[in-house]
Amino acid sequence: MMNSRALEKWGLLTFALAFWLSSGAAGNLAAQESTFDWQATNDETARLDPADYQAGRVFKFGDQAGNVHVDIEAQDQITVEMAPYEEWSEAMRHPELLPRVNFRCIREHVTKGTYVCDVAPGRPMTLVFRDERNADRTTVTGLGQSSEHGTVRQFLSPNDIHIQYYRWACVENCNPPKYQWIAELKETYDLTSPLKIYDGITAERDGEPFSVKVTSPVPMTVALVPSRAADELRTKPDGLDSALGGRTCIERSVRSVAFECTFDVADGPQSLVAAVVIPEDGGKVPANKKAEVEVVASKCVANCLTDPEK
């Protein structure tokens, strides 16, 4: 048999466990997780001559968590790759440095497809396209350049490519409700034989979880019941057994316990009923002893929907 101190510690552990479990349950009951997917953003076109290089966007780790996701369509085969931003910028100024560029995520012979790559933290990367057709010349350009030295560039054998960029974005349940445990009731009181009844406990949404904790030096029966039933008990306290019969949110003859119940809005206001279990041998309620009752509820604190159908 556990002594009162051991029972109290066990009750506190049970209460903490109930909070931990029900915190996740509250989110699952009333909020769906956000859904993410790749969403098209801007698109660009480029024109390459044989053996041309051309730069696209610069990607940083902070952009969509460092992921590159691009759809590409080209008339002739191209190589798509990523270059460190600083190395590529230097090669733009000094084309003879191109062989020293450390390309990664290299994908060759592309005419149509989706290109993906991951960007590491702290190292911006430039998306680069290279025309695979052989030629005696190599030109390095920036995306969208259509003229050289103020004159329209004349392409010898143009290879037109289309680049569609994407970003990783929320597409469904993008602002889910956020919940927090809020105290509905917490009181320590002197034990008495009359019932203790606390009103004003109401669910704000269907399936709202309520956690109840009781700590007492003597056995007690604790229940959450409809307020109309609690009102009847105020006038007929002897009808406790019949009023609590068939109730599910109840613990009988406990000293230290935590339990959880859920209610719907249609259930209406609830009341906490706490009653000392009088010993069958006619014993009395011990003097100068206190009991503690507590009720907390998982309430919506942000992104709350006023219309449940939305």
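The values are calculated or read from the model by the stated rules, or taken from the named source; none is laboratory data. All of these numbers come straight from a predicted model, not from anything done at the bench. Heads up, the Cβs are rebuilt from the backbone with ideal geometry, glycines too, and the neighbour counts pull from every protein chain shown. These accessible areas exclude ligands, DNA and RNA; they are computed on the full protein's heavy atoms, side chains included. Shrake-Rupley method; radii C 1.70, N 1.55, O 1.52, S 1.80 Å.
Per-structure values
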read-out: Signed unit charges on C-beta, dipole axis of the range 45-104, positive-most listed residue 82, 92, 61; value: 61
read-out: Calculated FRET efficiency for the pair residue 174/residue 76, C-beta based, R₀ 45 Å, to 0.05; value: 0.65
read-out: Accessible surface, 1.4 Å probe, highest first, among residues 168, 88, 181; value: 168, 181, 88
read-out: The range 198-246, accessible surface, carbon-and-sulfur percent (1.4 angstrom probe); value: 49 percent
read-out: Only Lys, Arg (+1) and Asp, Glu (-1) charged, at Cβ; the range 227-307 dipole about Cα centre in debye; value: 320 debye
read-out: Cα-based equivalent ellipsoid, the range 153-253: semi-axes from gyration tensor eigenvalues, Å; value: 63, 15, 11
read-out: Computed FRET value (nearest 0.05) for residue 90 with residue 267, which takes r as the C-beta separation and R₀ as 51 Å; value: 0.15
read-out: For the range 79-90, Karplus couplings with θ = phi - 60° (6.51, -1.76, 1.60), whole Hz, Gly/Pro x; value: 9, 10, 7, 10, 10, x, 4, 5, 5, 5, 4, 5
read-out: Area accessible to solvent at residue 262, 1.4 Å probe radius, in Å²; value: 70 Å²
read-out: Cross-link pairs beyond the 28 Å C-alpha cut-off, checked among 236/284; 236/289; 178/289; 213/284; 213/299; value: 178/289
read-out: Candidates per trypsin sites (Lys or Arg not before Pro) in the range 41-105, loop by DSSP, up to 15 other Cβ within 10 Å; value: 60
